[in-house]
Every structure is written in C-alpha cells, then in structure tokens.
Amino acid sequence: MTVERVRVVRSWEWARPERPARREVLAAVPEREEAKPPLLFVPGFGHGAWAFAEHWLGHAAGRGFPAYALSLRGHGGSEPAPEATLRSYTHDVTQVAASLPRQAVLVGHGAGARVVAHALARYPARAAVLVAPVLGGWATFGTALRRNPVGTVPAVFGAGLRLHRRQLFSRELPDADARRHLARLGRAGRRAQWQLLTGRGPEPAVGRPPVLVLGSPDDRVVPASALIRAAQRYASAPLLFPGMGHDLMLDARWREPIDAILDWLDKDPASAAG
Amino acid sequence: MSSSTDPGHPDPDSTVASSRAERPVSDRGDTVCVIGAGASGLTAVKNLREAGFGVDCYERETGVGGAWNWRHDRSPVYASTHLISSRPFTQFPDFPMPDDWPDYPHHSQLLSYFERYADHFDLRQHVWFGTEVVRVEPVEGDRWDVTTRSTGGYGPERTSRYAAVVLANGHNWSPKLPRYEGLEQFRGEVMHASSYKDPAQLRGKRVLVVGAGNTGCDIAVEAAQQASHCWHSTRRGYWYAPKYVLGRPADQVNDTLLALRVPLRVRQWLYHWTLRLTVGDLTRFGMPEPDHRVYETHPIANSQLVYYVGHGEVTPVPDVARFDDRAVELTDGRRIDPELVVFATGYLPRFEFLKGQVLGDEDGSGRPRLWLNAFTAGYPTLAVVGLVQPDSGIFPISHWQSVLFARLLTLRATRPERAAAFERKVRAGLGERYSAKVKDSTRHWFEVGHADYLRALQRALHELEGVK
C-alpha cells in the first residue's frame with residue numbers, strides 16, 4: 001500500500017463551511033434488530049434515492065440490514081442546488097452517514113461512487129461498495145463521448161448529461177419500467193459535472209475500510225477496464241455481472257448484485273481486514 | 001488478546017495494596033488504557049479501536065461527555081453555556097455535527113453529539129463507568145500499572161497492566177481560587193464559577209464577577225440581565241471579540257485570513273480595526289486599555305458584554321485588593337458592597353494519580369513539560385490528550401492527537417526505528433509553544449493557536465509515516 005498524506009489543516013473548509021440543504025432520505029428498516037450495520041446508498045448523477053427504493057432498500061431490509069438511500073442536493077426530493085459541487089455532495093453523504101445510529105456501510109453507484117470515495121476520507125465507514133463506479137477523469141469523458149456523443153457534448157457546455165436507455169438497462173427490462181425510470185432522471189450541478197473530470201482525486205480513506213467494486217462488463221457507461229482500474233485502487237478485483245446495464249439496481253436482474261453485496265457484508269470484511 | 005494472569009486470586013486487601021510485590025496485577029496484554037470518557041477520551045477510544053487496539057477506558061462518572069455532561073458533579077457548564085468556536089472548528093473531523101444546528105450550539109446539543117458519537121462507533125462497551133483511577137505507575141518494558149476503584153472510594157482496588165496509557169482526564173474540573181486578604185471574614189456569598197448553574201442564582205442581588213475569561217463574561221452578561229447590580233472585575237484590559245463579524249461567525253472570517261496566509265501583524269491590525277468599527281474604544285467605559293495585542297491571550301468571544309457595559313448594566317472595575325466583613329476594596333481604592341461574589345478564575349489541570357516527574361513536572365508546579373502538549377520524554381507509551389487551550393475548538397485537536405498516538409503505537413511494533421526517531425523529537429521539542437507570544441499565567445501556558453498547532457501535528461504525523 002502506498003503511503004498517502006493525511007490532511008489535518010483544512011483552513012478553507014473551516015472558513016467556508018458547506019451551505020446546509022434539505023435532503024431526502026428514504027429508509028427500509030428490518031422489523032427485528034439484527035446487529036447488522038446500516039447501509040447508506042448514494043445514487044449517481046441524475047438519479048435520486050428513488051432508484052434504490054425501487055428494489056434494493058426493501059431487499060436489504062428483508063435480509064436484516066437497515067437500509068437508507070439519500071438524494072444528493074439537486075436530485076430527487078432534495079432541495080434544488082444548481083451550484084452544487086462535488087464537495088457539497090460529499091458533505092451530504094457524510095452528514096447523512098453521521099446521522100445514522102451506527103457506523104454505516106457506504107454504497108455508491110455511478111458518479112455516486114466518486115462521491116463515496118471522497119466521503120471515505122471524511123467519515124470512517126465500516127466498509128464501502130462501489131457499484132459501476134464512475135471515478136471520473138478524462139478517460140470517463142472519452143468513454144462517454146464515444147458511447148453517447150449526443151448526450152455528452154452538450155454537457156461540456158453546462159447542460160445536463162443525458163444517458164440513453166441502452167446505456168442504463170439491458171433488453172430484459174420491460175419497456176414500461178425503463179420508460180418510467182428514464183422519466184425520473186434529473187441532472188447534476190454544472191460545476192459538479194466538470195469537477196468529475198477535472199477535480200482533485202479523493203484523499204486517502206480514513207479508518208481502513210474494506211472496499212468492494214462490482215459492475216457489469218456489458219455496462220455501456222463504465223467499461224470493464226475502468227472497473228478493473230477502480231478495483232485495483234483498493235487492492236481487489238471487481239465482481240462482474242454480465243448482461244446488465246449501468247443501473248444494476250433497476251435492471252431486470254437487480255437481485256444478483258445486491259445479494260452479492262450483502263453476502264460480502266455478512267462475511268464481515270471489516271474484522272477480516274483488521 | 002488479553003488475559004488475566006491469575007483469575008483465581010482473591011481481591012487484594014486494601015492494607016497491603018500499597019506494596020507492589022503483594023498486589024495481584026491482571027495483565028491486559030496489548031490493551032491500551034484510556035482515562036476519562038469525555039470528548040477527548042471518547043475520540044482516543046475510537047481512534048485506538050480503529051487502529052486495531054483493545055481499549056479499556058475508565059470513567060469516574062456514569063455517563064459519557066465529561067465536562068459537557070451537566071449531570072456530572074464536576075461539570076463546569078451552566079444553563080446558558082454555548083460554544084465559543086463555531087461548528088466547523090469544534091466538530092470531530094470525521095463525524096460532522098448536523099448542518100442544521102446553529103453556528104454556536106448549546107451545551108446540551110454538545111452532549112447529545114458526544115452520546116451519538118459513542119453509540120455510532122459502539123464505544124460504550126469499552127468504558128468502565130463509575131470507576132476512578134487511583135494510581136498510574138510505569139513498570140518495566142514501557143508498560144503501565146493502572147490501579148482503579150469504584151468512584152467515591154468504595155470497594156477494593158484493582159490493578160491492571162497495560163501496553164500504553166492515554167490521559168484524557170480533562171482540565172476544567174479543579175477550580176482555581178485566588179487568595180485574597182480577608183476573604184474568610186467576608187459575610188456575603190462567595191462561589192466559584194463551577195458552582196454557577198443558573199441565572200436564578202443571581203436574581204435581584206448585587207453581584208461581583210471576578211475574571212474576564214469566556215465564563216466570567218457570560219456570567220457578567222447574565223448578571224446584567226438578572227442581578228440588581230453587576231460589577232465585573234478584571235486584572236487587565238482585554239479584547240472582547242464579537243461572535244459575528246462581516247455577517248459570518250468571527251472565527252470563520254479569521255480562518256479565511258489564515259487560509260490566505262495573511263501575516264500575524266496584518267491580521268492584528270485588521271482585527272483592531274474591525275473592533276474599532278464595532279465596539280470602539282473601551283476605555284471610555286472605564287475599562288482598562290489592553291496591555292497586549294490581540295491574539296496574545298486566549299480570545300474572548302462575547303458580543304453582549306460591551307453592549308451591557310454601554311447600557312450601564314455592567315460596571316467594569318479593576319482587580320480586587322482585599323475583602324473585609326461587608327465590602328470589597330478594589331486596587332484603585334474604591335469600595336463596593338456586593339452580596340454575591342462569583343470567581344470565574346478558571347481551572348487547573350491535575351494528574352494526582354501520576355507522579356509529577358513522569359510528565360516532566362518535577363517541582364510540582366502543575367505545568368507538565370510536553371511536546372505537542374501530548375508527549376513526555378522517556379515514556380513513549382504515554383500520551384496526554386486534550387491538554388490544550390486552543391483559540392478554537394478542542395475536539396479536532398484531541399482527535400488528531402489520538403490518531404498520532406495510535407500510529408505511533410502501531411509503528412513501535414512494525415517500524416521501531418521510526419518510533420525511536422519520534423522519541424528523539426519528543427526530547428528535543430519539550431515545552432515547544434504553538435502560538436504567538438502569549439501572556440504568562442497558569443491559564444496561558446497551554447494556550448495554542450489552532451492553525452500553528454495542527455500544522456505542527458500534521459508535520460509530526462507525516463514524519464512518523466515517512467511521507468515527504
């Protein structure tokens with residue numbers, strides 16, 4: 001493991017604290033307390049807490065995990081925030097994580113995984129799961145441009161990034177469902193979109209959380225090579241679910257990835273790593 | 001990881017407890033002992049646990065939160081206690097306070113914050129409540145024998161051996177009372193600010209408040225609202241900073257200047273200029289002119305004191321010279337006749353369970369000689385956490401001190417040469433200061449500037465880790 005610098009002095013952050021925002025948090029809590037860690041799902045750009053409320057929250061609660069999903073500011077039912085930055089989103093995640101009764105597992109999807117990577121430096125998560133992570137940088141931009149030029153070029157000029165149906169879902173997902181989900185997509189802040197490409201990378205995680213990376217080799221937003229790179233950052237290999245689109249939590253076979261995540265957590269990776 | 005060496009042995013008889021040879025010692029292996037479950041103790045437990053250490057924390061009270069838990073008999077908080085530094089400076093860096101809280105939360109919110117911190121990281125299972133530490137003694141191999149008993153002295157003493165000790169017993173619980181001639185004859189009521197809990201104690205009385213710390217100023221303001229008259233006695237002139245300037249919490253404005261690396265002289269000039277724009281020249285109220293520049297004593301953040309002085313509700317007076325049976329004589333010869341005297345004269349840190357020499361305090365002056373206010377020479381497995389009087393929040397400092405100590409303990413096993421280099425730094429840096437030149441007093445010897453201090457701590461952390 002490389003030795004990374006820990007930042008103690010954060011004068012700018014102290015001097016200019018993030019503006020508070022009303023945040024939507026959806027929850028599914030098991031009927032009986034089972035001493036399992038709470039999960040906090042962080043949706044990617046354009047998505048809200050609704051994306052996890054569809055299947056994953058209920059399923060996780062059914063397996064005994066208290067499950068929460070938040071909408072980053074400007075998304076879903078949270079307060080509009082056109083000027084939001086990656087720092088604002090990170091603030092939203094650490095705020096909700098610290099409000100949970102116990103030390104949480106952070107699960108980030110898409111660009112939400114980048115937000116989670118930032119949050120890991122500011123909150124000692126019990127573990128982290130990066131689902132089809134968009135960790136940013138120019139390679140991400142290249143892929144987006146190649147796969148979806150019509151949706152990507154306007155985003156360069158400040159418009160919202162638009163993803164089309166074949167990128168997000170497999171053909172197995174019924175037409176009506178896909179249309180319903182697409183209609184709910186919003187957009188991330190202009191500055192946050194740019195920071196995804198140009199912003200400073202995440203600082204080292206605090207508290208040595210174990211990290212799981214998973215995705216689909218057929219994801220047309222995050223290529224398999226990006227998944228492998230992301231997993232390498234955290235010294236592991238990605239779990240792959242072929243035949244699924246980028247939105248693993250909404251696609252027809254949503255059950256397989258969430259079960260894999262919960263199985264991993266049931267093995268208590270934190271104590272194994274410690 | 002830890003085991004008792006002699007589980008079948010009966011509890012030691014208190015009469016032989018003082019002779020080490022006959023006292024059974026339970027060996028706790030690699031476990032670290034943390035003394036106190038206040039803010040600093042809790043963050044030490046959390047960070048040591050995070051680094052993989054077993055922890056036994058002893059707390060004399062029955063709850064967490066230390067000084068911030070108003071239920072504790074040694075808690076100095078009073079009904080209106082609010083934070084002096086704003087939220088971003090006060091919260092633990094990895095556990096933010098809710099962003100819908102006010103800029104300066106109330107002490108009850110602070111307590112709920114610490115209780116949530118303890119529950120969130122599951123810390124209570126490591127805390128032995130209602131247990132006080134009687135003795136902490138170094139033994140061979142850089143290990144420690146810690147003797148405890150039930151709070152109040154009931155029951156037998158128990159001694160356990162630990163790999164390391166963190167002292168987080170706080171420094172705001174042992175009142176410092178100055179001596180005055182004739183104080184015993186004074187017929188009025190006399191109390192230390194530690195017994196001040198509620199403004200009802202002041203209602204309708206003629207009150208003299210002694211001391212211009214943040215507590216003294218708070219009490220003077222409450223006396224202005226409740227008492228029939230309030231005198232406020234200060235030894236010297238101070239800078240009374242408002243809690244808000246330029247529409248923002250004042251410490252956030254100050255750190256904007258720090259982030260821009262504005263030099264101290266310029267910051268002092270800007271500060272004086274801002275004060276001139278807001279409260280103006282205080283000598284016109286009969287307050288003495290400050291004998292020091294701003295940033296040279298512990299900052300006093302109180303927007304209301306000057307307001308009440310301007311309304312005639314607080315009469316500023318100089319230091320007390322002597323008491324007689326019904327009056328107080330001031331150093332300028334004036335005599336006043338208060339019914340109640342509140343001494344807001346501060347607290348002294350105390351480590352009565354430890355030989356003074358361990359902390360480099362041979363002459364018993366109560367001033368340990370430490371590096372980074374935390375590390376002592378010759379005892380690499382001992383750290384003091386939270387013994388700082390910052391111009392800002394204390395909890396982030398306690399957090400990073402305990403992170404540094406946890407890394408040091410880890411490296412002692414894995415990279416002993418780095419730990420040895422750290423020990424050399426401790427020896428070389430004993431007594432180092434981390435602030436602009438400050439006035440010398442029992443209050444100011446552990447005063448630190450938060451930016452200077454945390455920068456020094458960050459450097460120590462990077463050197464220990466071997467990052468350039």
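Take the conditions (1) touching a residue at least 40 places away in the same chain (Cβ under 8 Å); (2) assigned to a loop (DSSP other than H, G, I, E, B); A:GLY64 misses just one of them, which is (1). Total residues in segment A:35-52 satisfying the condition of being more than 14 Å from the chain's Cα centre (by Cα) and surrounded by 15 or more Cβ atoms within 10 Å (Cβ to Cβ): the figure is 3. Quick check on my filter: what residues within segment B:173-189 are in contact (Cβ under 8 Å) with a residue 24 or more places away in the chain and within 24 Å of the chain's Cα centre (by Cα)? Once the filter is applied, which keeps residues that are in contact (Cβ under 8 Å) with a residue 24 or more places away in the chain and within 24 Å of the chain's Cα centre (by Cα), segment B:173-189 yields B:TRP173, B:SER174, B:PRO175, B:LYS176, B:LEU177, B:PRO178. Only residues that are in contact with a Phe, Trp or Tyr (Cβ under 8 Å, 6 or more places away or on another chain), part of a strand (DSSP E or B) and over 18 Å from B:GLY346 (Cβ atoms) were counted across segment B:207-229, and they come to 1. When the residues of segment B:180-203 are filtered to those that are in contact with a helix residue (DSSP H, G or I) (Cβ under 8 Å, 6 or more places away or on another chain) and assigned to a loop (DSSP other than H, G, I, E, B), the one that is most open to solvent (accessible area, probe 1.4 Å) is B:ARG203. Inspect all residues belonging to segment A:108-117 and state whether any of them is under 16 Å from the mean Cα position of the chain (by Cα) and basic (Lys, Arg). Yes: one or more hits. Can you tell me which residue within segment B:69-89, out of those that are hydroxyl-bearing (Ser, Thr, Tyr) and surrounded by fewer than 22 Cβ atoms within 10 Å (Cβ to Cβ), is farthest from the other protein chains (Cβ to nearest Cβ)? Among residues in segment B:69-89 that are hydroxyl-bearing (Ser, Thr, Tyr) and surrounded by fewer than 22 Cβ atoms within 10 Å (Cβ to Cβ), the one farthest from the other protein chains (Cβ to nearest Cβ) is B:TYR78.
Go through segment B:32-70 and give me each residue that's more than 19 Å from B:ASP145 (Cα to Cα), more than 18 Å from the chain's Cα centre (by Cα) and assigned to a loop (DSSP other than H, G, I, E, B). The answer is B:ALA51, B:GLY52, B:THR62, B:GLY63. Among the residues of segment B:284-309, those that are more than 27 Å from the chain's Cα centre (by Cα) and closer than 13 Å to B:TRP239 by Cβ comprise B:MET287, B:PRO288, B:GLU289. Take the conditions crowded, with 22+ Cβ neighbours inside 10 Å and farther than 30 Å from B:TRP400 by Cβ and apply them to A:ALA117. Does it pass? So A:ALA117 fails the test.
What do you reckon, is B:ASP122 facing chain A (nearest Cβ under 9 Å), under 25 Å from A:GLU13 (Cα atoms) and out of contact with any helix residue (DSSP H, G or I) (no Cβ under 6 Å at 6 or more places or on another chain)? The answer is no for B:ASP122.
Only residues that are closer than 16 Å to A:ALA128 by Cα and either of a type in the set (Phe, Trp, Tyr) or touching a helix residue (DSSP H, G or I) at 6+ places or on another chain (Cβ under 8 Å) (or both) were counted across segment A:230-252, and they come to 5. A:VAL93 meets all of the listed conditions (1) surrounded by 22 or more Cβ atoms within 10 Å (Cβ to Cβ); (2) away from every other protein chain (no Cβ under 14 Å); (3) in contact with a strand residue (DSSP E or B) (Cβ under 8 Å, 6 or more places away or on another chain) but one, namely (2). In segment B:410-426, the residues that are farther than 18 Å from B:GLY141 by Cα form Cβ pairs under 8 Å with partners that are of a type in the set (Gly, Ala, Ser) and buried (at least 17 other Cβ atoms within 10 Å of the Cβ), at six or more places apart or across chains, as follows: B:LYS425/B:ALA460; B:VAL426/B:ALA377.
When B:VAL279, B:VAL314, B:VAL294 are checked against the criterion of being at pLDDT 90 or above and outside the structural domain of B:VAL448 (by TED's automatic domain parsing), a single residue qualifies: B:VAL314. Applying the condition of being of a type in the set (Val, Ile, Thr) and farther than 29 Å from B:PRO102 by Cβ to segment A:1-20 and asking which residue is surrounded by the most Cβ atoms within 10 Å (Cβ to Cβ) yields A:VAL6.
Would you mind stating whether A:SER236 is more than 14 Å from chain B (Cβ to nearest Cβ), polar (S, T, N, Q) and closer than 30 Å to B:GLY52 by Cα? Yes, satisfied.
For B:TYR113, the conditions (1) in contact (Cβ under 8 Å) with a residue 60 or more places away in the chain; (2) crowded, with 22+ Cβ neighbours inside 10 Å; (3) within 13 Å of chain A (Cβ to nearest Cβ) are fulfilled apart from (1).
All of A:ARG23, A:ARG32 fail the test of being more than 13 Å from the chain's Cα centre (by Cα), open to solvent by 50 Å² or more (accessible area, probe 1.4 Å) and either in contact (Cβ under 8 Å) with a residue 40 or more places away in the chain or closer than 25 Å to A:LEU250 by Cβ (or both), apart from A:ARG23.
Residue by residue, here is whether (1) of a type in the set (Gly, Ala, Ser); (2) assigned to a strand (DSSP E or B); (3) under 29 Å from B:ILE336 (Cα atoms) holds:
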{"position": "B:HIS232", "(1), (2), (3)": "no, yes, yes"}
{"position": "B:ASP251", "(1), (2), (3)": "no, no, no"}
{"position": "B:THR256", "(1), (2), (3)": "no, no, no"}
{"position": "B:TYR307", "(1), (2), (3)": "no, no, yes"}
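Tell me, yes or no, whether segment A:24-43 has at least one residue that is within 19 Å of A:ALA128 (Cα to Cα), part of a loop (DSSP other than H, G, I, E, B), more than 14 Å from chain B (Cβ to nearest Cβ) and at pLDDT 95 or above. Checking segment A:24-43: at least one residue is within 19 Å of A:ALA128 (Cα to Cα), part of a loop (DSSP other than H, G, I, E, B), more than 14 Å from chain B (Cβ to nearest Cβ) and at pLDDT 95 or above.
Taken together, the residues in segment A:165-215 that are within 14 Å of chain B (Cβ to nearest Cβ) and in contact with a helix residue (DSSP H, G or I) (Cβ under 6 Å, 6 or more places away or on another chain) amount to 2.
Here are some residues: B:ALA321, B:ALA383. Which one is surrounded by fewer than 17 Cβ atoms within 10 Å (Cβ to Cβ) and not in a loop (DSSP other than H, G, I, E, B)? Testing whether each residue is surrounded by fewer than 17 Cβ atoms within 10 Å (Cβ to Cβ) and not in a loop (DSSP other than H, G, I, E, B) leaves just B:ALA321.
The set of residues in segment B:334-359 that are surrounded by fewer than 18 Cβ atoms within 10 Å (Cβ to Cβ) and either within 26 Å of the chain's Cα centre (by Cα) or in contact (Cβ under 8 Å) with a residue 12 or more places away in the chain (or both) comprises B:ARG334, B:ILE336, B:ASP337, B:GLU339, B:LEU348, B:ARG350, B:GLU352, B:PHE353, B:LYS355, B:GLY356, B:GLN357.
Residue by residue, here is whether (1) open to solvent by 50 Å² or more (accessible area, probe 1.4 Å); (2) touching an Asp or Glu at 6+ places or on another chain (Cβ under 9 Å) holds:
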{"position": "A:ARG184", "(1), (2)": "yes, no"}
{"position": "A:ARG190", "(1), (2)": "yes, yes"}
{"position": "A:LEU196", "(1), (2)": "no, no"}
{"position": "A:ALA230", "(1), (2)": "no, no"}
{"position": "A:HIS246", "(1), (2)": "no, yes"}
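If you go through segment B:284-294 and keep only what is open to solvent by less than 50 Å² (accessible area, probe 1.4 Å), within 18 Å of B:PRO242 (Cβ to Cβ) and not aliphatic (A, V, I, L, M), you end up with just B:PRO290. For A:ALA81, the requirement of being open to solvent by less than 30 Å² (accessible area, probe 1.4 Å), more than 14 Å from every other protein chain (Cβ to nearest Cβ) and not in a helix (DSSP H, G or I) is not met.
The values are calculated or read from the model by the stated rules, or taken from the named source; none is laboratory data. Note that the structure is predicted; figures quoted are calculated from it, not measured. Don't worry about glycine lacking a Cβ; one is built from the backbone with ideal geometry, like all the others, and counts go over all protein chains shown. SASA here: full protein model, heavy atoms, side chains in, ligands and nucleic acids out. Shrake-Rupley method; radii C 1.70, N 1.55, O 1.52, S 1.80 Å.
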